[in-house]
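For reference, the structure discussed in these notes is given below.
Please treat every number below as a calculation from the coordinates, not as lab data. The structure presented is a predicted model; accordingly, all values stated were derived computationally and were not measured. As a convention, Cβ positions derive from the backbone with ideal geometry for all residues, glycine included, and neighbour counts pool all protein chains shown.
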Amino acid sequence: MPTAAALNRATGTRMRTVRTLVILALLTAAAPLSIDIYTPSLPLIQDELGGGTALAQASVTACLLGIAVGSWPGGR
């Protein structure tokens, strides 16, 4: 029969694993969600900031580069 200390350790380890998986799932969903929110707002960004189409497209490139650079250290 396992001791109370062993059960507490197992429960604590399991909770840390679940917490880590939830954090990883949220971080994984953040990049596609940001693009899905960002893309429909491009015409509004272009109108509000007074830039051309090329500038709005460059901002999408900057967003994608930010996602790529942000995920690079963890993806090695």
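Details
- Any pair with Cβ under 6 angstrom, 6 or more apart, that starts in region 53-71 at a residue that is within 15 Å of Thr39 (Cα to Cα) and ends at one that is of a type in the set (Ser, Thr, Tyr): Cys63/Tyr38
- In region 50-76, the residues that are exposed (fewer than 11 other Cβ atoms within 10 Å of the Cβ) and on the phi < 0 side of the Ramachandran plot: Gly52, Thr53, Ala54, Thr61, Ala62, Leu65, Val69, Trp72, Pro73, Gly74, Gly75, Arg76
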